[in-house]
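Any read-out appearing in this document is the output of simple, stated calculations on the displayed coordinates, not a laboratory observation. Just so it is clear, the model here is predicted, and its values are computed rather than measured. All Cβ positions, glycine included, derive from the backbone under ideal geometry; neighbour counts span all protein chains shown.
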């Protein structure tokens, strides 16, 4: 009678079930059907098969604004699928897109088309449009560029300290006959949306650049005072005056650095001779604090909202891809 009392329960009536099982004897092929009572079954929860990626598209045209967008791809897809999704939104060939992970103003990883989307970390994703398909132009090389500000104090090993700022980008330079001046102009053109060129006769900031080139303050100074540096005009010959003036008025200097942008690997000489630039070279554009404050401002740059992130205009009374400043 105990089992009848136990089974005569609202829990058994509502929450218990019978699991039908079919048993077959391997010798005589006897078929038996049993019903096993159960209260719950362990079922796996369904997982999301898609992944939403928020990314920033940097166009090849330096005058176009960065574009924030969202794309949805399968978790089992590759970076090639991400490029195809971006290509459908902005009408850019997928083979001209380069996907990267950026953190703390530096490239964490430059992704290949065969990399899995599920391996992406929680970092900023930047997609760069190149003027030609990736790895299909032997006459040019794609070089990453970091933006750095040179500090007026030194580390313990007498090396200057740098601080990364803004976001990194890529430049396309010819593999042959690329001089320092040509490389500078290529980098300068890529920054057209963020910089203001100095006007004629505006050279007060040049003293700070000369101070960088001459070594800055001595490492044993305790206080960081503003120092006026004489550029030694008397040492420049008549035929070199215009060349020295142009070099002095450059907004930044270029260095070959490691992949983190924290260490100088090789100095680029402005000798007028072609530079040797390989495929694994990282560049850094070193700014003085005075030149950066006067001529560089990425905070004022406008960006266009993505298709999936529109803004409701109260005047038009509809959602628009507005420009955000």
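Here is how the numbers come out for the structure above:
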item: Residue order, fewest to most surrounding Cβ atoms within 10 angstrom, among 28, 256; result: 28, 256
item: Protection-proxy order for peptides 43-50, 309-316, each taking the mean of Cβ atoms within 10 Å per residue, highest first; result: 309-316, 43-50
item: P(r) of the range 49-136 over all Cα-Cα pairs, binned every 5 Å from zero, in whole percent; result: 3, 14, 27, 29, 18, 7, 1, 0
